[in-house]
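For reference, the structure I am asking about is given below.
The values are calculated or read from the model by the stated rules, or taken from the named source; none is laboratory data. Here the structure is a predicted model, which means the values were calculated and not measured. Glycine also receives a Cβ, built like all others from the backbone with ideal geometry; neighbour counts cover every protein chain displayed.
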Amino acid sequence: MSRRRGALPARIAASLALLLFGALATASGLDRLGWSTPGFDRLVPDRMQAQSARAAAALALAREQPGPALAAARKAVAADPVEPASTSLLGTAYLFADRPAEAEAAFRVAARFGWREPATQIYWYEAALQAGDLPRAVDRADALLRTRPTLSTRDRLLGPLEDIADGRAALIVRMAGRPNWLDPYLRPDESVSDETLDRRSVVLAELAAAGTRLGCAEVTPFVTAALTRGARGNAERIWTGHCPDAALSGGLADGGFERFGRDETSPFGWRSNLSGDVAVRSVEKAGGNRAVQLLNRSAVSRLVLRQAVALEPGTYRLTGQVAPGRLAGSFGCGGPPPVPSLTEGDLAAGGQVLRVEPCSRLELGLWIRPGGGEVELDSVLLEKIG
């Protein structure tokens, strides 16, 4: 790496300041009064003066004011010199003042007092990254996440490790022990970017390949999140790696709608796209086979069913057992499938021709046209024809 030793990149420094402010801005009213009222600090015990000074330093850091932060941090160290929170704040203030040598010295002292301070963990995590000591970087990241499993800056913290093969190798060694932060890692919410989801997918696939299989239930939230974003390829790799005994066929899943609406064991398959004027329900037919009944009460075509798929570029034929002229399909890449305005062919009469461009987040959507009442769809087949 080309960064100067001891100088944290801006993304880590900013996260560190916000983290410290959140942790330290809980000083009591007396602490705040002791800091803000001239002469009153003489009446406040040293420990409480230190708390007040730490809160002031954290606030100055959050405001990116290195001068006031340094002054307050020095006061905190003077009032409580063996408290690692004071020395870690001083080190952070030196970083913001672009004084890396003093910052390193302060963080060395903070480390001797103990590793419970997040600022100290983050600093030495970055130092390990710069030195190329990836196992030690993982040690520091793991220690930080064990005390804060849902750390808001987790993705920025782990990103450098997830990005490179050696970093992932070191990371999955720790994941094999199933630390307490692994469960939040497997449950990405909407704030997690697609790029981060892709990085995690690689890590989890390599974790399974290395022999640690987490099981179907554990990876279902992650696989579901990937499918919701159309990342069928990622979802398949994670599912087959960690849930090898669960049946999963390539291409279109549940083309006969046998599992739709009742299978809770597999996240793969159709998702209904319900709205106030659309109804979708699963029905059992004579002989035990199942179908779906679809209704569109609006005056325009509506998206009723969608499924993430992983397909090679090319030309495909989509056919279905359904009344002619009622349904049409479309592919969406990185977003909802669009309205199929101009279609080539009919699902019920020889099939509709669809073309697929290169896409890592591909979804097939089925649209029901208005009018004609309820329509029953027995099955759907998708085959590559060119």
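Taking only the stretch 301-324 into account, find how many residues are assigned to a loop (DSSP other than H, G, I, E, B) and among the hydroxyl-bearing types (Ser, Thr, Tyr).
Result for the stretch 301-324: 1.
Here is a follow-up. Mind counting the residues in the stretch 355-386 that are under 19 Å from Arg271 (Cβ atoms) and in contact with a Pro (Cβ under 9 Å, 6 or more places away or on another chain)?
Matching residues across the stretch 355-386 total 6.
Separate question: Out of everything in the stretch 316-326 that is buried (at least 21 other Cβ atoms within 10 Å of the Cβ) and modelled with pLDDT of 95 or more, what residue ends up being farthest from Leu347 (Cα to Cα)?
Looking at the filtered set, the residue picked out is Tyr316.
Across the stretch 165-209, what is the number of residues that are basic (Lys, Arg) and under 10 Å from the mean Cα position of the chain (by Cα)?
Counting residues in the stretch 165-209 that are basic (Lys, Arg) and under 10 Å from the mean Cα position of the chain (by Cα) gives 3.
Right, next: How many residues, within the stretch 230-244, are of a type outside the set (A, V, I, L, M), outside any helix (DSSP H, G or I) and buried (at least 21 other Cβ atoms within 10 Å of the Cβ)?
Number of matching residues: 2.
Working carefully through the options Gly329, Gly350, Gly345, find the one that is part of a strand (DSSP E or B), touching a Leu at 6+ places or on another chain (Cβ under 6 Å) and assigned by TED's automatic domain parsing to the domain that holds Leu294.
Among Gly329, Gly350, Gly345, only Gly329 is part of a strand (DSSP E or B), touching a Leu at 6+ places or on another chain (Cβ under 6 Å) and assigned by TED's automatic domain parsing to the domain that holds Leu294.
Of the conditions (1) aliphatic (A, V, I, L, M); (2) closer than 19 Å to Glu236 by Cβ; (3) out of contact with any Pro (no Cβ under 8 Å at 6 or more places or on another chain), Leu186 fails just one. Which one is it?
(3)
Specify which of the listed residues (Leu182, Leu158, Leu227) is farther than 30 Å from Gly365 by Cβ, surrounded by 20 or more Cβ atoms within 10 Å (Cβ to Cβ) and not β-branched (Val, Ile, Thr).
Leu158
So that you can scan it fast, the table gives a plain yes or no per residue for (1) in contact (Cβ under 8 Å) with a residue 24 or more places away in the chain; (2) more than 25 Å from Arg213 (Cα to Cα):
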site	(1), (2)
Ala110	yes, yes
Trp115	yes, yes
Thr120	yes, yes
Trp124	no, yes
Ala127	yes, yes
Arg136	no, no
Asp142	yes, no
Asp163	yes, no
Gly167	yes, no
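I want to confirm something. Restricting to the stretch 84-115 and keeping residues that are part of a helix (DSSP H, G or I) and among the basic types (Lys, Arg), which single residue is nearest to Pro160 (Cα to Cα)?
The first filter runs over the stretch 84-115 and keeps only residues part of a helix (DSSP H, G or I), leaving 84-96, 100-113.
So of that shortlist, the ones also among the basic types (Lys, Arg) come out as 108, 112.
Numbers: Arg108: 23, Arg112: 26 Å.
Going through the qualifying residues, I end up with Arg108.
Taking the stretch 164-213 as the region of interest, how many residues are assigned to a helix (DSSP H, G or I) and among the polar types (S, T, N, Q)?
Keep residues of the stretch 164-213 that are assigned to a helix (DSSP H, G or I), which gives 165-175, 182-185, 194-209.
So of that shortlist, the ones also among the polar types (S, T, N, Q) come out as 196, 201.
Final tally of qualifying residues: 2.
Exactly one condition in (1) closer than 30 Å to Ala165 by Cβ; (2) modelled with pLDDT of 90 or more is false for Val280; which is it?
Of everything listed in (1) closer than 30 Å to Ala165 by Cβ; (2) modelled with pLDDT of 90 or more, Val280 misses just condition (1).
With the checklist (1) of a type in the set (Lys, Arg); (2) in a loop (DSSP other than H, G, I, E, B); (3) out of contact with any Lys or Arg (no Cβ under 9 Å at 6 or more places or on another chain) in hand, flag the one item Arg262 doesn't pass.
(3)
Yes or no, residue by residue, for (1) surrounded by 17 or more Cβ atoms within 10 Å (Cβ to Cβ); (2) more than 20 Å from Leu364 (Cα to Cα); (3) touching a residue at least 40 places away in the same chain (Cβ under 8 Å):
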residue: Ala253; (1), (2), (3): yes, no, yes
residue: Pro267; (1), (2), (3): yes, no, yes
residue: Asp277; (1), (2), (3): no, yes, no
residue: Val283; (1), (2), (3): no, yes, yes
residue: Arg290; (1), (2), (3): yes, yes, no
residue: Arg302; (1), (2), (3): yes, no, yes
residue: Leu305; (1), (2), (3): yes, no, yes
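Can Ala101 be described as small (Gly, Ala, Ser) and either crowded, with 17+ Cβ neighbours inside 10 Å or at positive phi (or both)? Spell out how you get there, then give the answer.
On the way: small (Gly, Ala, Ser): yes; either crowded, with 17+ Cβ neighbours inside 10 Å or at positive phi (or both): no.
No; evaluated as a whole, the condition is false for this residue.
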